[in-house]
Amino acid sequence: MDLLKYRFKTLFKYKDLIRELVSRDLKLKYRRSFLGYVWSILDPLLTMVVLTIVFTRLLGRKIENYPVYLLSGRMLYDFMKDSTNNAMKSVVGNAALLRKVYVPKYIFTLAKVTSCMVDMVLSLAALLIVMLVTRAQFHPTILLLPLVILQLYIFCCGLGFFLAQLNVFFRDIQYIYSVMLTAWMYATPIIYQLDERFPRWFHIAVKGFNPMYYYIAQSRDIIYYGNIPGPRIFWGGWLIAFVMLVIGVWSFQRSKDKFILYI
Amino acid sequence: MSKYAVEVENVKIRFNLASEKVDNLKEYAIKLMKRELMFQEFIALQDISLKIKKGESWGLVGANGSGKSTLLKTISGILQPYEGIVKVNGRIAPLIELGAGIDPDLTARENIFLNGMVLGHSREFMEKHFDEIVEFSNLEKFLDSPVKNFSSGMKARLGFAVATVVNPDILVVDEVLEVGDMRFRRRCNERMQQMLSGGTTLLYVSHNIESVRNLCQYAVWLDEGKMRMVGPASEVCDAYAEEQETQLRKRQAEKRELLRREGKKYDYLIVGAGLYGAVFARELTRRGKRCLVIDKRSHIGGNIYTEDVDGIQVHKYGAHIFHTSDKKIWKYVNRYADFNNYINSPVAVYKDELYNLPFNMNTFSRLWGLKKPQEVQAKIAEQIADLHITEPKNLEEQALSLVGRDVYEKLIKGYTEKQWGRDCRELPAFIIQRLPLRFTYNNNYFNDFYQGIPRGGYTKMMEKLLVNIDVMLETDFFEYRKEHPDMFKKVVYTGMIDEYFDYCYGHLEYRSVRFETERVEEANYQGNAVVNYTDREVPYTRIIEHKHFEPEEEQENPKDYSIISKEYSMEWKPGIDPYYPVNDEKNNALYEKYRALAEQEKKVIFGGRLGSYRYYDMDKVIGAAIADSAKELNIWIQ
Ligand SMILES: Cc1cc2nc3c(=O)[nH]c(=O)nc-3n(C[C@H](O)[C@H](O)[C@H](O)COP(=O)(O)OP(=O)(O)OC[C@H]3O[C@@H](n4cnc5c(N)ncnc54)[C@H](O)[C@@H]3O)c2cc1C
């Protein structure tokens, strides 16, 4: 119990550092590219346009208001991808600093996931624009979105911690993970609909073992379909998020004292 | 609260490292399958116990990999001890270079905030102290440019400013202050002193022992992870420096032994461990040539050799004062010695009168009781005019026509006759070309910009010049050449040029001097380093009291005795140490003939005062050696 109190105290002590790190990430991201913030809206919009053309015109699939369908899933997936990717490199990337100063190492991982989350929230404007342009209906369920984002944020923190510590010991994780991410994307119904054209085993695999399915299904429900998410995916989402967090924190805790020898 | 800032008790740091670095999963998996994954225990620190009181300054010294940084990291909390306890009371601020860990793309302003927060400050705190930091770092103009464009000195400045905004309880400095310009380093030192007096505890790691000595009260010497010595910084540093030196010497000796066993030849054989030979050897060695220096004497240094006699540096071959106007040469010698601010102002004793030298207003006012330069100039002009000398036929007439009767009779005549062993009327006029007269009250014998004596003597300087170079003493060149004709490729010869050619055209002539050195039981024998005796009746030309060349040493270690040398001029005969070449027409012509022979010797370079038969001041010898060695190596120097 004391330990927990101590942890929260340090977290509080370094809250300004986290804020500063997050604002650094955003500043640099927007400063580096010519269009700045506009780019983080333009980017999902443009990919959406391309995918919409490919998917509906060339492949002739029929999904109603495809742009909104796509974006409501893709934004979450992109957030997961960016945040875990960045989190993975967060400890190794700050090696020079960590060698000299005592700073709780998870601060950097946490800051990365957080800044990606903020970035995603900011680029929600893209979704808004698309919904306005396509005259999509605004369902009141959309107000539940923060809950979904929170679940995913917790999940990403857990995964991020796990990857960050692993990357300290095995640098090639980065390559392996990027291959996995590609596979993961195709195994998640983002650009397609998980309908009866897919075999049964695929349905079971995706719904049973792909955490992203839970978050994307929830977000689709509240944005696209206007449904309250079913209890299975809603509570499943929370459960997965916390299980991942426990795994991440545990693995990080266990090995953090050894980092210094490998960075 | 405890009075200790840091307590370290029986700390042991053990690493479990893979014997080969495996940092990717693929190799890990392969090694795991082949069962090749071996771990090795590595003990980085052992039995470390330290108690550091608040406000103390501690330095850590030791070789690379001795555990200095590991200990610092353990105290900072970056590393966890495997065994033992580390207790820290207070806030630790490590000094980190900005840009090392924080985004170099961010501006200085942003980095200041980030860095401050990394150190655990709040945003509010940083805002309050921002201006202070900027002021200390002196980087107002660059606040909004990215740190990646900064020089390492600027980064250090910023880092230092942030780390020291408030007096941290414990400041940890690890090799950071070595960058930056002098001014910044001085400011850092001042700031650190200020913090130390304000109660900050300092932990300092540096390769530079001098800075540890200056900054720290105590030091720990770490050797292979163990504490070798703890105590006052100066003692620990001394012991460590000494050990380093012996290690170095041992390594060199081993290397030399190895080369010798392999029968490796030297590129150059340098004959004469005097100033010319030593500088030449240094320059060649610096550029990767292997040199052997031999000397027939039993010591290095040639004629500038100084010998420690009861704690006094005795100039064995006559008083040597280094003086030059050449800035490059001055810088060069200062790399090898610390020069004091000795200024040569000899005095002359004539019967029971005493005069300042060189001839200046002090001398003249003593002679004639005159005060104004105009009066003195008129007096001398009058004395010269009275003599009606138009064409001086000998030295006496030459001198008279330059300075008049009084100065000549009292200060020149007797001294010159003792020097040359002949009457001034029998000496040729050319010996004295000019007799500079100074119409100011200035007793500085030399007109050069720079002047001084190496502290601790010339021999120490020569040792430094010859570090890493093989030296064989009591070895005569002509014998060595007979015994080891193929140990070397080329020769640099600084002995007598006529001897090299076996005097085939006859002997070049020299003047010589001899010294009678004695210890007197008086703390201060004559009150000056050099006193000339200008009347003929006193047999010696001057007396040197050696301790006055190093007044600072005398101040530190006063002695109630003194060492003096009486200098006698004498005729030179073959076999006696040559001192001054006699550069008259006959000898110069003879030298030219030897020089022509020397030019035929393609594998021998002749140099130094004996090899080129001329009087050289030390600075000129050094200049010549540097230039000749550069020519030999085909290097251009400006
Ligand atoms: C009395 C006196 C006072 C001086 N005072 C000053 C002064 O105040 N300021 C100043 O700038 N300069 C002074 N000088 C000049 C200064 O001494 C010389 O510039 C300097 O010593 C020259 O160095 P060197 O290497 O050319 O010769 P040396 O120092 O003479 O070195 C030659 C070396 O070669 C060795 N050697 C010779 N033949 C052989 C051989 N066959 N085999 C092996 N070794 C051999 C000798 O033993 C000697 O050690 C003074 C000189 C004298 C004589």
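Key figures for this structure:
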{"read-out": "Test for residue B:459: is it hydroxyl-bearing (Ser, Thr, Tyr) and outside any helix (DSSP H, G or I)", "value": "no"}
{"read-out": "Wholly enclosed helices (runs of 4 or more DSSP H) of region A:168-223 bearing at least 3 residues within 30 Å of residue A:90 (Cβ to Cβ) and touching a helix residue (DSSP H, G or I) at 6+ places or on another chain (Cβ under 9 Å)", "value": "A:173-186, A:211-219"}
{"read-out": "Given (1) out of contact with any Phe, Trp or Tyr (no Cβ under 7 Å at 6 or more places or on another chain); (2) β-branched (Val, Ile, Thr); (3) within 18 Å of residue A:260 (Cβ to Cβ); (4) away from chain B (no Cβ under 13 Å), number of the condition residue A:109 does not satisfy", "value": "(1)"}
{"read-out": "Meets criteria (away from the ligand (no atom under 13 Å from the Cβ), in contact (Cβ under 8 Å) with a residue 12 or more places away in the chain and away from chain A (no Cβ under 14 Å)) for residue B:584", "value": "yes"}
{"read-out": "Unmet criterion (only one of (1) more than 30 Å from residue B:538 (Cβ to Cβ); (2) surrounded by 15 or more Cβ atoms within 10 Å (Cβ to Cβ)) for residue B:338", "value": "(2)"}
{"read-out": "Matching residues in region B:285-296 - criterion: being within 8 Å of the ligand (Cβ to nearest atom) and either surrounded by fewer than 21 Cβ atoms within 10 Å (Cβ to Cβ) or closer than 23 Å to residue B:615 by Cβ (or both)", "value": "B:295, B:296"}
{"read-out": "Scope region A:10-29; condition more than 9 Å from chain B (Cβ to nearest Cβ), closer than 18 Å to residue A:79 by Cα and more than 19 Å from the chain's Cα centre (by Cα); matching residues", "value": "none"}
{"read-out": "Of the criteria (1) closer than 28 Å to residue B:154 by Cα; (2) surrounded by fewer than 22 Cβ atoms within 10 Å (Cβ to Cβ); (3) modelled with pLDDT of 85 or more, which one residue B:100 fails", "value": "(3)"}
{"read-out": "Subset of region B:602-624 [under 20 Å from residue B:451 (Cα atoms) and either within 14 Å of another protein chain (Cβ to nearest Cβ) or within 9 Å of the ligand (Cβ to nearest atom) (or both)]", "value": "B:615, B:616, B:617, B:618, B:619, B:620, B:621, B:622, B:624"}
{"read-out": "Filter pass, residue B:278 being in a helix (DSSP H, G or I), out of contact with any strand residue (DSSP E or B) (no Cβ under 6 Å at 6 or more places or on another chain) and touching a residue at least 60 places away in the same chain (Cβ under 8 Å)", "value": "yes"}
{"read-out": "Any hit, region A:76-99, residues being surrounded by fewer than 14 Cβ atoms within 10 Å (Cβ to Cβ) and either assigned to a helix (DSSP H, G or I) or within 14 Å of chain B (Cβ to nearest Cβ) (or both)", "value": "no"}
{"read-out": "Residues (within 6 Å of the ligand (Cβ to nearest atom) and either out of contact with any strand residue (DSSP E or B) (no Cβ under 9 Å at 6 or more places or on another chain) or within 14 Å of another protein chain (Cβ to nearest Cβ) (or both)) located in region B:297-338", "value": "B:297, B:302, B:303"}
{"read-out": "All positions within region B:560-608 that are in contact with a His (Cβ under 8 Å, 6 or more places away or on another chain) and outside any strand (DSSP E or B)", "value": "B:574"}
{"read-out": "Per-region count, region B:358-390, residues in a loop (DSSP other than H, G, I, E, B) and closer than 13 Å to residue B:400 by Cβ", "value": "3"}
{"read-out": "Sole exception among (1) within 14 Å of chain B (Cβ to nearest Cβ); (2) crowded, with 19+ Cβ neighbours inside 10 Å; (3) not charged (D, E, K, R) for residue A:117, by number", "value": "(1)"}
{"read-out": "Qualifying residue in region B:161-173 (condition: exposed (fewer than 14 other Cβ atoms within 10 Å of the Cβ), at pLDDT 75 or above and among the charged types (D, E, K, R))", "value": "no"}
{"read-out": "Index of the failed condition, residue B:246 passing every other in (1) near the ligand (Cβ under 9 Å from one of its atoms); (2) closer than 30 Å to residue B:209 by Cβ; (3) modelled with pLDDT under 95; (4) β-branched (Val, Ile, Thr)", "value": "(1)"}
{"read-out": "Scan of region B:492-518 for residues that are away from the ligand (no atom under 12 Å from the Cβ), surrounded by 13 or more Cβ atoms within 10 Å (Cβ to Cβ) and closer than 24 Å to residue B:550 by Cβ, ordered by number", "value": "B:517"}
{"read-out": "Residue within region B:552-559 that is outside any loop (DSSP other than H, G, I, E, B), crowded, with 16+ Cβ neighbours inside 10 Å, within 34 Å of the chain's Cα centre (by Cα) and within 16 Å of the ligand (Cβ to nearest atom) present", "value": "no"}
{"read-out": "Top-ranked residue in region B:391-415 [being in a helix (DSSP H, G or I) and of a type in the set (S, T, N, Q); ranked as farthest from residue B:570 (Cα to Cα)]", "value": "B:401"}
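Yes/no per residue for (1) loosely packed, with under 15 Cβ neighbours inside 10 Å; (2) away from chain B (no Cβ under 14 Å):
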site	(1), (2)
A:151	no, yes
A:161	no, yes
A:166	no, no
A:179	yes, no
A:208	yes, yes
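So that you can scan it fast, the table gives a plain yes or no per residue for (1) within 16 Å of the ligand (Cβ to nearest atom); (2) surrounded by 14 or more Cβ atoms within 10 Å (Cβ to Cβ); (3) not polar (S, T, N, Q):
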residue: B:413; (1), (2), (3): no, yes, yes
residue: B:418; (1), (2), (3): yes, yes, yes
residue: B:425; (1), (2), (3): no, no, yes
residue: B:430; (1), (2), (3): no, no, yes
residue: B:436; (1), (2), (3): no, no, yes
residue: B:444; (1), (2), (3): yes, yes, no
residue: B:463; (1), (2), (3): yes, yes, yes
residue: B:472; (1), (2), (3): yes, no, yes
residue: B:482; (1), (2), (3): yes, no, yes
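The values are calculated or read from the model by the stated rules, or taken from the named source; none is laboratory data. Computed from a prediction, not measured in an experiment: that's the story for all the values here. Reconstructed Cβ throughout: ideal geometry from the backbone, glycine too, with neighbour counts over all protein chains shown.
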